[in-house]
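Input: a single structure, listed below in structure tokens.
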Amino acid sequence: MLTAFGFETIGVLVGDTYFLDPVQKSGQEGPERGVRLEIRLVDRGEPQGSVYAGVPIGFERPVWRVDLFGSLDAAPGTLDRAHHHPRFEGWEPGGRFFEPELSADPLSWLAGQLADPAALLARAGVPADRVTKSDERGLAAAAPDIVATVGRMLDGVWHGDLAPAPAEPVGGARVGWL
């Protein structure tokens, strides 16, 4: 499942994700699944035809990501692998940052991050003139809806409706939009 929130120059994408052996670091072996949220730059094109034609909209490169993941062998609701990536280098995320508050109360942590888009984007290295003040206000105003969407997706993951494992055995997999 993928849900998008679009503003003029930034957007938020939320999707369920399943990884088979994503990192293979000590203590993080084995499958994980959960909900991924990315803030991305948005590219809005010109209508492709008449004034009534559809407008191309592109959710371009990510600038910030949070992964609300738990290992498959953990109890539902356990986010033992929850982390965030405060910066990207092009399309590649920077290192994983683990915060106790993120695993303990992910929705409150996320709400706190989204409440101050200017600070979040500055930490992500996005130039201040790249995002409009209107976008920052819009993101802050939409934060409760975004957090509610993440909560519904987490419930779907924990109940087994979202982030399914691949039907066939595979050597490595990432299933999901993000």
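The values are calculated or read from the model by the stated rules, or taken from the named source; none is laboratory data. Since we're looking at a predicted model, the values are computed, not measured. A quick note on method: Cβ atoms are made from the backbone with ideal geometry, for glycine too, and the neighbour counts reach across all protein chains shown. Keep in mind that these areas ignore ligands, DNA and RNA; they rest on the heavy atoms of the full protein, side chains included. Shrake-Rupley method; radii C 1.70, N 1.55, O 1.52, S 1.80 Å.
Sort out for me the helices (runs of 4 or more DSSP H) sitting completely within the stretch 98-178 that have 3 or more residues that are more than 30 Å from residue 74 (Cα to Cα) and either among the small types (Gly, Ala, Ser) or open to solvent by 20 Å² or more (accessible area, probe 1.4 Å) (or both).
On the way: elements: 100-104, 106-114, 117-123, 133-158.
Counting at least 3 such residues, we get 117-123, 133-158.
Looking only at the stretch 120-165, which residues are of a type in the set (Lys, Arg) and under 24 Å from residue 88 (Cβ atoms)?
Of the residues in the stretch 120-165, the ones of a type in the set (Lys, Arg) are 123, 130, 133, 137, 152.
Residues satisfying the conditions are 123, 130, 133, 137.
If you take the residues in the stretch 60-75 that are within 26 Å of residue 10 (Cβ to Cβ) and open to solvent by less than 50 Å² (accessible area, probe 1.4 Å), which one is modelled with the lowest pLDDT? Step through it out loud before you land on a result.
Kept after step one, since they are within 26 Å of residue 10 (Cβ to Cβ), are these residues of the stretch 60-75: 60-69.
This time we only want the ones that are open to solvent by less than 50 Å² (accessible area, probe 1.4 Å), so: 62-69.
On the way: 62: 96, 63: 96, 64: 97, 65: 97, 66: 97, 67: 95, 68: 95, 69: 92.
Taking the candidates together, the pick is 69.
Can you find, within the stretch 28-59, the residue that is farthest from residue 5 (Cα to Cα) among those that are open to solvent by 50 Å² or more (accessible area, probe 1.4 Å) and in a strand (DSSP E or B)?
Only one residue fits best here, namely 33.
Among the numbered criteria (1) in contact (Cβ under 8 Å) with a residue 40 or more places away in the chain; (2) more than 19 Å from residue 16 (Cα to Cα), which one does residue 128 miss?
(1)
Just to check your reading of the model, which residue among 86, 93 is without any contact (Cβ under 8 Å) to a residue 60 or more places away in the chain, open to solvent by 40 Å² or more (accessible area, probe 1.4 Å) and in contact with a strand residue (DSSP E or B) (Cβ under 7 Å, 6 or more places away or on another chain)?
Details: 86 fails: open to solvent by 40 Å² or more (accessible area, probe 1.4 Å).
Answer to the selection: 93.
Of the conditions (1) of a type outside the set (A, V, I, L, M); (2) touching a helix residue (DSSP H, G or I) at 6+ places or on another chain (Cβ under 8 Å); (3) surrounded by 13 or more Cβ atoms within 10 Å (Cβ to Cβ), residue 78 clears all except one; give me its number.
(2)
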